[in-house]
Each structure stands twice: as structure tokens, then as C-alpha cells.
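Trainee: The structure under discussion is supplied below as C-alpha cells; questions concerning it will follow.
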Amino acid sequence: MSYLKNILPVWGLLLLFFLASSGSVFGLTAGPPDEKTGALNEDTCVTAGCHTGNALNTVGGSLMLTTPETYEPGEVYTIIVNLERTGQSKWGFQMTALDADGVRAGTFAADDAANTQISEANSKQYIKHTAAGTAGANDANSWEFEWTAPDTDVGPVTFYAAGNASNGNFNPIDDYIYTAQEESTPPIPVVAGVSLEIVGEMALSTMNAAAGVSYTLKVTNTGNMMDTVALEASAEVGIEGSVLGSLSDRSIVLDAGASVEVTLKVTGDLFTEAGDYAIDVTATSGTDSTMTAEITTTTTIETPPPPTPPTPWDVNDDGTVNIQDLVLVAGQFGQSGESLKGDVNGDGTVNILDLVVVSSHFGENTE
């Protein structure tokens, strides 16, 4: 009799999980009946009519689940179920883990066999309290156990749980049913990628190889995580000189989907021959070196125009042959030596021949 007196309060809690059959109600001292977690196609003890004294998830209490945000196939994780409601002192719970199709996902282990136990129904596995597991501190109780993730990636896994915060007085009106669910997803595979494009023209030309030309390149991280992209430019060697490609940045950190513009400057030297010079630029993902992108610029070094022929008859270099030039020649008339502006024909002496040359171009524009 003393045993029955001790166990009766527990039976009050187990009303959460009573089954009605043939007009009679019986309690399962081995634990609550399965399929009462509120999961897909499942009732709770409120919707099933077992505990209808209070609405589901009545304000003032809570059921909280500690589950992995992501899972690795085959790995073992610790699950914690925490049930709270001020004034209550008897506690019960039930949990299952299902994939998106409502199929069992992974395996629970009742490490604390005194307070938790395992059962199965319709190919689904459940972990729940034992009779001893209903006892806890006032206002809250928790259960801890392990869950082994599925052997393969089955997509998102949802943990469904229901709990009863009771005072064990056999009156369902004093029982409060709470539900909770948490999702665990397989880790997102790391996807690395990079793209490289030219903003504007990919072929430019210049007659001044030393000044060179500049190209704008757009680098994009096409992967799904932050990446460091390395840039490298090739060098094209000419016959009598070289054309080199230099980059404003050679290492760029980019968030997933982010882009940045860099400058490629293509220059040569004073002895570079005229022709077409191809510079390759390669972008390489730091996460996966097999992920690369490449563009090619073609810079044309043009032949410089021939130098402007000298116009010594424009003695004062003002762009026009006029009377002032004749005056300057006349002012040096009869002089001999080097670097005489009036020596228009370059024979070393300023004489009548120089005046004749100036006169023959009189009025010309030399610019």
C-alpha cells in the first residue's frame, strides 16, 4: 500500500499521456504513449483530449530545446530538454527527430536510464521520461541525452518535443502542455569560385610605350563564403624591349558574392618595338586553387610618327616666316661659327644664301 501511495502522484502526471480505450482510461507506468509530440501527423495531449484544462503553450511556462544548429552525418550530439513553469513540481516530456518527409532521422540514446527511456512507433523513435524522471525541482526540470545524427545527409532534421508541467494532483486542469521544435541542418558545402572580367575595352593602343595604358578589371567571389583571391599578370617580352602588366592589387579578400575593381597597367620601355602585346591576368581562389578565371588584354604599341622636319628658316621659332626672320639673319650677316641662328643653310657662315632661303619660305606657317 505504501508503494501505491508513493506512486499515485506520478500517475497524475502520466495523465498527460493516458490513452482512452473502451470508455476506460489506463496509465502507462513505463512511460507516456508515443506520437504525442505535435510532429507531422501527430497530436499533443491537448489536441488528443487527454489534458484539456489549459490551452496549448499557455503563457507563463516554456519548453526549450538545446539541439545542434548543424549536424555532421554519424556524429553524436548532446540534447537538453528544459521545461519550466512557476509553481509546478512534476514533469514529463517526449521527443522525436524526423526529416522533411516525417521519417525517423538519427538515433537517441537514453544515457540516463533512470530518467529517460526509448520507444518506437510506426518506424519512428521516441525518447521520454520514466516514472522516476518526472521528479524535479520546483518550477523547472530538464533531461539530457545523446542523439546520433543519420549516417548520411538527409537534409534538415526537426526535433519535435512536448512536455507536461504538472503538480501531480491527478487533476488535468492543473497540467500545462508545452511544445517546441528546433531544426538542425547539414553543414552547407563550401563552394569556391571566382570570376574576372574587363570593364570597358580589352584592347587599347598607344604610341608612348613608357606611359602605357590602363585597364579596369572586375573580380567577383562567386563562392558561398569569404575568400582571398590572388591575382597574377603575365609579362610579354618584346624583341627590343619588354611590355609588362602590373596590378594595383594582387591579393583581395571578398565576401561571398562581393566584387571589386582593380587596375591593370600595361607599359613598355623606350626600345619596345611596335606590335600587339597580350597580357594574361589570372584570378585564383584561396579556398580552392582549382577555381580560377582568366582574361587577356591586347595592347598595341604603335609606331611613333616621324619627327617633325626642322624649319631653320623660321629663325625666331614663332611659327611664321616673316620680316623678323630676315632681320635676325641680317643682324648676324658675315658671322661664322657654330649655333648661329642666322646660318639657315648650316654652312657655318651667315651670308646672302641664308637670306635667300628665308625669302623662299616667306609667309609660311611652320607649326
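The values are calculated or read from the model by the stated rules, or taken from the named source; none is laboratory data. What you see is a predicted model, and the numbers here were worked out from it, not measured in a lab. Methodologically, a virtual Cβ is constructed for each residue, glycine included, from the backbone with ideal geometry; neighbour enumeration extends over all protein chains shown.
Trainee: Output the qualifying pairs, or none if there are none: Cβ atoms under 7 angstrom, residues six or more apart or on different chains, first residue in region 164-190 and in the same structural domain as Thr130 (by TED's automatic domain parsing), second residue assigned to a strand (DSSP E or B) and of a type in the set (Lys, Arg).
Mentor: Ala165/Arg85; Ser166/Lys90; Asn167/Lys90; Gly168/Lys90; Tyr176/Arg85
Trainee: In this structure, is Thr349 surrounded by 13 or more Cβ atoms within 10 Å (Cβ to Cβ), touching a strand residue (DSSP E or B) at 6+ places or on another chain (Cβ under 6 Å) and assigned by TED's automatic domain parsing to the domain that holds Leu270?
Mentor: no
Every residue, every condition in (1) in a loop (DSSP other than H, G, I, E, B); (2) among the hydrophobic types (A, V, I, L, M, F, W, C); (3) in contact with a Gly (Cβ under 7 Å, 6 or more places away or on another chain), yes or no:
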| position | (1), (2), (3) |
| --- | --- |
| Asn54 | yes, no, no |
| Met64 | no, yes, no |
| Glu72 | yes, no, no |
| Ile80 | no, yes, no |
| Glu84 | no, no, yes |
| Gly87 | yes, no, no |
| Trp91 | no, yes, yes |
| Asp101 | yes, no, no |
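Trainee: Can you tell me which residues in region 290-316 are surrounded by 12 or more Cβ atoms within 10 Å (Cβ to Cβ), under 30 Å from Asn351 (Cα atoms) and not aliphatic (A, V, I, L, M)?
Mentor: Those that are surrounded by 12 or more Cβ atoms within 10 Å (Cβ to Cβ), under 30 Å from Asn351 (Cα atoms) and not aliphatic (A, V, I, L, M): Thr311, Pro312, Trp313, Asp314, Asn316.
Trainee: Can you name the strands (runs of 3 or more DSSP E) wholly within region 144-250 that have at least 3 residues being of a type in the set (Phe, Trp, Tyr) and touching a helix residue (DSSP H, G or I) at 6+ places or on another chain (Cβ under 9 Å)?
Mentor: Qualifying strands (runs of 3 or more DSSP E): none found.
Trainee: How many residues does region 206-228 hold that are at pLDDT 95 or above and under 30 Å from Thr272 (Cβ atoms)?
Mentor: 7
Trainee: Separate question: For Asn141, state whether it is farther than 30 Å from Asp280 by Cα, part of a strand (DSSP E or B), modelled with pLDDT under 95 and within 42 Å of the chain's Cα centre (by Cα).
Mentor: So Asn141 passes the test.
Trainee: Could you please give the count of residues in region 243-273 that are surrounded by 14 or more Cβ atoms within 10 Å (Cβ to Cβ), without any contact (Cβ under 8 Å) to a residue 40 or more places away in the chain and closer than 19 Å to Asn208 by Cα?
Mentor: Matching residues across region 243-273 total 3.
Trainee: Restricting attention to region 305-317, does a residue exist that is modelled with pLDDT under 95 and among the acidic types (Asp, Glu)?
Mentor: For region 305-317, residues modelled with pLDDT under 95 and among the acidic types (Asp, Glu): present.
Trainee: How about region 81-116: which of its residues are surrounded by fewer than 23 Cβ atoms within 10 Å (Cβ to Cβ) and under 16 Å from Glu183 (Cβ atoms)?
Mentor: If the condition is that a residue be surrounded by fewer than 23 Cβ atoms within 10 Å (Cβ to Cβ) and under 16 Å from Glu183 (Cβ atoms), then Asp99, Ala100, Asp101, Gly102, Val103, Arg104 are the ones that fit.
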